[in-house]
Amino acid sequence: MSTQKPSIGRVVHFQHGDTPCAADVLAVNPDGSLALLVKPPNQQPYTTDNVEQAPEGAPEPAKWNWPPRA
């Protein structure tokens, strides 16, 4: 996995079905999962908790990953 560590306020991607969405980290849980504010395009933002990280380079529904570097 990546050497980056998530922290409150960072932006990650959340896989909302087939759509990658921007998500703000609201909390890092003791088990390493995240609480997120997910921002799907053309929909209302929503919160979700206990979100696990997807394998690097392999987005999975309902999991987070780091955005690709530009």
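Below, the figures for the structure above:
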{"item": "Mean separation of Cα contacts under 8 Å, 6 or more apart, over the residue count of the range 1-54: relative contact order %", "result": "25 percent"}
{"item": "Positive-end extreme of charge dipole, the range 1-54 - chosen from Gln4, Val28, Thr48 (charges on Cβ)", "result": "Gln4"}
{"item": "Student exercise, the chain dipole from Lys, Arg, Asp, Glu Cβ charges, in Debye to nearest 20", "result": "260 debye"}
{"item": "Other-chain or far-sequence residues with amide H under 5 Å of Gln53's (modelled H)", "result": "Trp64"}
{"item": "Neighbour cut-off at most 12 other Cβ (10 Å), DSSP loop, trypsin sites (Lys or Arg not before Pro), the chain", "result": "Arg69"}
{"item": "For the range 62-68, 3J(HN,Hα) per residue [Karplus equation, 6.51 cos²θ - 1.76 cosθ + 1.60, θ = phi - 60°, Hz, x = Gly/Pro]", "result": "6, 10, 9, 8, 6, x, x"}
{"item": "Hull shadow area, averaged, the chain [alpha-carbon convex hull, nm²]", "result": "4.7 nm²"}
{"item": "Whole-angstrom gap from the range 4-20 to the range 35-70, using each part's C-alpha centre", "result": "4 Å"}
{"item": "Whether the range 16-57 is rounded, prolate or oblate, judged on the alpha carbon gyration tensor where a/c under 1.5 counts as rounded", "result": "oblate"}
{"item": "Residues with amide H under 5 Å from that of Ser33, placed H, sequence gap 5 or more", "result": "none"}
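Where a number appears in this text, it was derived from the coordinates with a stated rule and is not lab data. These figures come from a predicted structure and were not determined experimentally. Cβ atoms come from the backbone with ideal geometry, glycine included; neighbour counts cover every protein chain shown.
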